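One structure below.
The values are calculated or read from the model by the stated rules, or taken from the named source; none is laboratory data. Here the structure is a predicted model, which means the values were calculated and not measured. In this analysis, Cβ positions are derived from the backbone assuming ideal geometry, glycine residues included, and neighbour counts consider all displayed protein chains.
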Amino acid sequence: MARKPSQLEFAVIGLGRFGRSVALNLIERGHTVLGIDRDPNIVQQLADRMTQVVALDSTNEDALRAVDILSFDTVVVAIGSQFEANLMTTVALKQLGVKRVVCKALNERQQYILTRVGADMVVLPEHEAGARLAWQLSEPHLLEHLNLGHGFSVAEVKVPAPLVGQTLMQSGLRRRYGINVLAVKQSDNKMLVTPPPDYVFRRDDRMLIIGSDANISTFCDLSS
């Protein structure tokens with residue numbers, strides 16, 4: 001039977017707190033996940049929760065070949081405490097020809113090095129969590145925040161009281177605040193993507209907006 005287009009196959013190397021969270025969330029979304037860790041105890045703990053989980057040394061190319069690592073759409077290297085192992089694993093994966101390698105880094109120096117050796121994407125979970133918390137603390141009405149870089153973000157906010165009863169066109173959000181509305185989430189969890197100009201904002205609506213960080217902060221002040 002052909003695999004559904006939405007189902008992807010992932011391998012997650014390093015099953016600490018971060019790697020375990022990534023793997024289990026991917027499984028919940030219906031994807032196939034191979035979990036890899038060099039600690040047999042961790043592997044045993046997760047045997048009943050993951051699609052497949054094995055204990056091996058991910059810096060060993062032969063061991064990676066043995067689990068057919070090239071068959072996976074994306075390999076996530078979530079080794080955090082031992083950067084040498086993280087780096088050597090990344091190099092081994094790219095030398096083997098893995099299509100997409102996503103790595104975890106603890107700081108920007110590690111991020112730079114991993115990028116230089118071929119990682120397709122490097123995430124800084126602690127840095128990103130800190131930035132997200134800073135937004136939430138400084139903008140209490142902001143529900144979710146995604147940093148796009150270069151001073152731009154996507155944010156989810158409650159519709160400010162002054163906009164309730166106005167249409168999208170009447171609100172003049174692009175002209176007055178320099179932001180664009182990507183979607184509106186209504187109280188019944190219905191998602192309206194790219195709402196029409198005549199959409200009337202409701203009190204319990206949530207807006208997904210995109211714009212510069214400065215403009216988003218200014219818009220959030222409407223809710224104060």
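General observations
- Each residue in the range 52-63 was checked for being within 21 Å of Leu26 (Cα to Cα) and out of contact with any helix residue (DSSP H, G or I) (no Cβ under 6 Å at 6 or more places or on another chain), and 2 of them qualify.
- Filtered residue count, the range 144-184, keeping only those that are more than 30 Å from Glu126 (Cα to Cα) and part of a strand (DSSP E or B): 1
- Elements of the type helices (runs of 4 or more DSSP H) sitting completely within the range 1-103 and holding at least 2 residues that are under 15 Å from Leu114 (Cα atoms): these cover 83-96.
- The residues on offer are Gly130, Gly149, Gly118, and the sole one that is closer than 27 Å to Ala78 by Cβ and modelled with pLDDT under 65 is Gly130.
- Condition check for Leu173: modelled with pLDDT of 90 or more and more than 24 Å from the chain's Cα centre (by Cα): yes
- Applying the set (1) buried (at least 19 other Cβ atoms within 10 Å of the Cβ); (2) within 19 Å of the chain's Cα centre (by Cα) to Glu108 leaves exactly one unmet item: (1).
- Some residue of the range 185-207 being in contact (Cβ under 8 Å) with a residue 60 or more places away in the chain and either surrounded by 13 or more Cβ atoms within 10 Å (Cβ to Cβ) or assigned to a strand (DSSP E or B) (or both): yes
- Qualifying positions in the range 62-84 - surrounded by 15 or more Cβ atoms within 10 Å (Cβ to Cβ), modelled with pLDDT of 95 or more and not β-branched (Val, Ile, Thr): Ala63, Leu64
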